[in-house]
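Colleague: Below are the structure tokens for one structure; questions will follow.
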Amino acid sequence: MFRFEKYSLKIGKKTLITNLDIDFQQGIISHLFGSNGVGKSCFAKSCLDIIKHTGKIQTASKPVVLGSYSNIPTDFRLIDVLNFMKKKYECQYVKELYELLELNIIPSSLKIKHMSDGQKQKVKLFAFLSKRPKVIILDEFTNALDKKSTLDIYRFLLKYVKQENAVCINITHNLADIEYMPGSYYLLANKTISQISDKEKIIEMYVKGGMI
């Protein structure tokens with residue numbers, strides 16, 4: 001469950017969202033589009049109470065937000081992250097997640113700062129999803145990744161969200177996200193979030209340079 005009731009978001013004197021009532025579905029990817037500066041990242045951060053909002057957010061568990069501001073110390077080695085997660089969370093599940101993300105093919109002594117961007121994103125997924133969150137918000141998570149890494153992450157996310165029956169909001173500008181990850185489609189515009197009926201309509205809006 002991830003439901004917003006009478007939710008409003010304001011930064012300084014600028015109102016980004018007002019009086020929002022919406023319920024995001026479990027078990028599928030909910031893609032959220034919107035033009036630059038409309039408030040998508042602020043919306044994500046408000047779900048963690050990093051930015052204040054008014055109204056209610058009803059959720060089954062505390063959301064996990066994965067973006068450029070969600071980081072792991074880069075001097076950590078991969079084995080350090082694995083051992084920490086095994087001690088903190090269910091060991092068998094952590095091992096399965098590690099292999100599902102194909103982190104087992106990366107040298108375990110490799111430091112995060114020496115990894116490729118794709119490897120860093122996989123480690124970030126591993127670290128933040130080891131506790132099996134039921135609500136995930138991705139903030140431009142596939143930006144600047146090579147094609148193979150992006151496809152690997154698409155496959156992983158689809159499997160994770162379905163298996164865990166999780167809510168996943170994917171804030172994105174990347175049309176490949178909706179091509180490879182079927183789901184539902186939303187637009188942040190005019191101080192509200194509206195559901196868009198289908199993929200073709202959201203693509204048409206993007207290509208025509210409308211709201212996105």
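The values are calculated or read from the model by the stated rules, or taken from the named source; none is laboratory data. Since the model is a prediction, treat every value here as computed from it, not as a measurement. All Cβ positions, glycine included, derive from the backbone under ideal geometry; neighbour counts span all protein chains shown. When the accessible area is computed, the model is the full protein with side chains, heavy atoms only, and any ligands, DNA or RNA have been set aside. Shrake-Rupley method; radii C 1.70, N 1.55, O 1.52, S 1.80 Å.
Colleague: Just to be sure I understand: of the beta bridges DSSP finds with both ends in region 81-212, what percent are antiparallel, rounded to 5?
Modeller: 50 percent
Colleague: Rounded to the nearest 20 Debye, what is the dipole magnitude of the chain about its Cα centre when Lys and Arg each give +1 and Asp and Glu each give -1 at the C-beta?
Modeller: Dipole of the chain, to the nearest 20 debye: 660 debye.
Colleague: Excluding ligands, DNA and RNA, what is the solvent-accessible area per residue of the chain at a probe of 1.4 Å, expressed in Å²?
Modeller: Per residue, the chain has 50 Å² of solvent-accessible surface.
Colleague: Would you compute, from DSSP H runs of 4+ residues alone, the mean residue ellipticity of the chain at 222 nm, taking -39500 (n - 2.57) per run and dividing by the full residue count, rounded to the nearest 500?
Modeller: Counting only the DSSP helices, I get -10500 deg cm²/dmol.
Colleague: What is the set of long-range amide H partners of V64 at a cut-off below 5 Å, with H atoms built 1.01 Å from backbone N?
Modeller: Under 5 Å from the amide H of V64: V135, I136, I137.
Colleague: Could you work out what % of the accessible surface of the chain is carbon and sulfur, using a 1.4 angstrom probe and leaving DNA, RNA and ligands out of the count?
Modeller: Whole-percent figure for carbon plus sulfur exposure: 50.
Colleague: In percent, what relative contact order does region 1-81 have, based on Cα pairs under 8 Å that are 6 or more apart in sequence?
Modeller: 35 percent
Colleague: Using only Cα atoms, tell me the angle between helix 117-129 and the longest principal axis of the chain; keep it within 0 to 90° and round to the nearest 10.
Modeller: For 117-129 against the chain, the angle is about 80 degrees.
Colleague: Continuing with the same structure: Taking 0.36 nm per residue of sequence separation and subtracting the Cα-Cα distance, how much length would be gained by fully extending the chain between Q58 and Q163, in nm to one decimal?
Modeller: 35.6 nm
Colleague: Could you check how many percent of all C-alpha pairs in the chain are farther apart than 32 Å?
Modeller: 18 percent
Colleague: Tell me the relative contact order for the chain as a rounded percent, counting alpha carbon contacts under 8 Å between residues six or more apart.
Modeller: Contact order relative to length: 31 percent.
Colleague: Moving on. Using alpha-carbon positions, what is the distance between the centroids of region 1-24 and region 140-212, in Å?
Modeller: Here the answer is 20 Å between Cα centres.
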